[in-house]
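S.K.: I'd like to ask you about the structure that follows.
The values are calculated or read from the model by the stated rules, or taken from the named source; none is laboratory data. It should be emphasised that the depicted structure is a prediction, and the values quoted were computed from it without experimental measurement. Don't worry about glycine lacking a Cβ; one is built from the backbone with ideal geometry, like all the others, and counts go over all protein chains shown.
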Amino acid sequence: MNSVIIRKEQIHDSKAVLTQEQSKHLLEIVKVKVGDELKGTILEEGLTTITVSNISDGIVEVEIGQVRKGLHFLIELIIAASRPPTMKKVFEHCSAMGASHFHIFKAILSDKSYLTSKVYERFQELSELGVSQSAVFYKAPTLKKTYQYEDIEAKGVQRFILSPYATTKLKDVKIDIERPLQLAIGPERGWTNQEINEFKNLGFEEISIGPSIMRVENASIAILGHLNQLMDRK
């Protein structure tokens, strides 16, 4: 873990007792000792430096330093349900790259069973692993799962649907990272023309991030990699 995730309810008098799992990792892998300083992420609050203040019975206690603002952008990934191993990668790696919300739904060419996978039960764990890896984002991503895409009209939202056949290239699109953003990414078998037209009717612009037919996780990471170039580290 690049940054230790801490919840507000863990903090008392500027100190926090880490979970057994966190403590085990820090003691066995990082090999911390009293006095060591580590990066910390206080979920929904910000970033900090934590100092190991006590180690007892395999549990690590830390002192919380001054909390500073981290990065947070309103980036919603609208992803057609895909195989569980794919969704696992998407949840973890995209959370590490700034995705703030995941809306998963059954596309026409998605397998219905993908929405009942147990991978969704691990969303909090996987997304927090991503936030920890980033060491710059501090808000826990959220998840919405539906059998049909449920559009929520929102003014000022930039909307794009990814397709390798689009004539408009990502490099030719001006994106304001400070404004809310929605990115629709198709299933492993791709979007149907019907779905592309439906999204376009909702105000989504069809764009291409390259000529290759990418895997879902690769397309998600590729577009977020571009967006990361627009983010300023505070």
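S.K.: How many residues does region 106-151 hold that are over 30 Å from T41 (Cα atoms) and in contact (Cβ under 8 Å) with a residue 40 or more places away in the chain?
M.R.: 11
S.K.: Checking the structure you have, find out if any residue of region 30-39 is closer than 18 Å to L129 by Cα, of a type outside the set (D, E, K, R) and assigned to a helix (DSSP H, G or I).
M.R.: Yes, some residue in region 30-39 is closer than 18 Å to L129 by Cα, of a type outside the set (D, E, K, R) and assigned to a helix (DSSP H, G or I).
S.K.: Anything in region 56-89 that is surrounded by fewer than 15 Cβ atoms within 10 Å (Cβ to Cβ), assigned to a strand (DSSP E or B) and either touching a strand residue (DSSP E or B) at 6+ places or on another chain (Cβ under 6 Å) or in the same structural domain as G186 (by TED's automatic domain parsing) (or both)? List them, or say none.
M.R.: R68, the sole residue that qualifies.
S.K.: Quick check on region 117-128. Is at least one of its residues over 10 Å from the mean Cα position of the chain (by Cα), among the charged types (D, E, K, R) and under 15 Å from K89 (Cβ atoms)?
M.R.: yes
S.K.: If I filter region 103-110 for residues that are more than 17 Å from A81 (Cα to Cα) and small (G, A, S), do I get at least one hit?
M.R.: Quick first cut of region 103-110, residues more than 17 Å from A81 (Cα to Cα) only: none.
Scanning region 103-110, I find no residue that is more than 17 Å from A81 (Cα to Cα) and small (G, A, S), so the answer is no.
S.K.: Let me ask you something else. Return the residue satisfying two criteria in turn: it lies in region 135-169 and is more than 11 Å from the chain's Cα centre (by Cα), surrounded by 14 or more Cβ atoms within 10 Å (Cβ to Cβ) and assigned to a loop (DSSP other than H, G, I, E, B), and of such residues it is modelled with the lowest pLDDT.
M.R.: Per the stated criteria, the residue is D151.
S.K.: Another question, if that's okay. Might you let me know whether region 34-45 holds any residue that is surrounded by 18 or more Cβ atoms within 10 Å (Cβ to Cβ), of a type in the set (A, V, I, L, M), under 24 Å from M97 (Cα atoms) and assigned by TED's automatic domain parsing to the domain that holds E9?
M.R.: At the first step, the residues of region 34-45 found to be surrounded by 18 or more Cβ atoms within 10 Å (Cβ to Cβ) are 38, 40-42, 45.
Going one step further and asking which of them are of a type in the set (A, V, I, L, M), we end up with 38, 42.
Going one step further and asking which of them are under 24 Å from M97 (Cα atoms), we end up with 38, 42.
Okay, now just the ones that are also assigned by TED's automatic domain parsing to the domain that holds E9, so 38, 42.
Yes, there is a match, as at least one residue in region 34-45 is surrounded by 18 or more Cβ atoms within 10 Å (Cβ to Cβ), of a type in the set (A, V, I, L, M), under 24 Å from M97 (Cα atoms) and assigned by TED's automatic domain parsing to the domain that holds E9.
S.K.: Can you pull out the residues in region 9-23 that are exposed (fewer than 15 other Cβ atoms within 10 Å of the Cβ) and over 24 Å from the mean Cα position of the chain (by Cα)?
M.R.: H12, D13, S14, Q20
S.K.: Follow-up question, since we're still on this one. Only one of these conditions is not met by N2: (1) at pLDDT 95 or above; (2) in a loop (DSSP other than H, G, I, E, B); (3) surrounded by 12 or more Cβ atoms within 10 Å (Cβ to Cβ). Which number is it?
M.R.: Among (1) at pLDDT 95 or above; (2) in a loop (DSSP other than H, G, I, E, B); (3) surrounded by 12 or more Cβ atoms within 10 Å (Cβ to Cβ), N2 violates only (1).
S.K.: Within region 39-88, track down each residue that is closer than 30 Å to E198 by Cα and among the small types (G, A, S).
M.R.: Within region 39-88, A80, A81, S82 qualify.
For every residue, the table says whether it meets (1) surrounded by 18 or more Cβ atoms within 10 Å (Cβ to Cβ); (2) part of a loop (DSSP other than H, G, I, E, B); (3) assigned by TED's automatic domain parsing to the domain that holds V17; (4) modelled with pLDDT under 95.
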| site | (1), (2), (3), (4) |
| --- | --- |
| N54 | no, no, yes, no |
| F91 | yes, no, no, no |
| S110 | yes, yes, no, yes |
| E121 | no, no, no, no |
| E125 | no, no, no, no |
| Q133 | no, no, no, no |
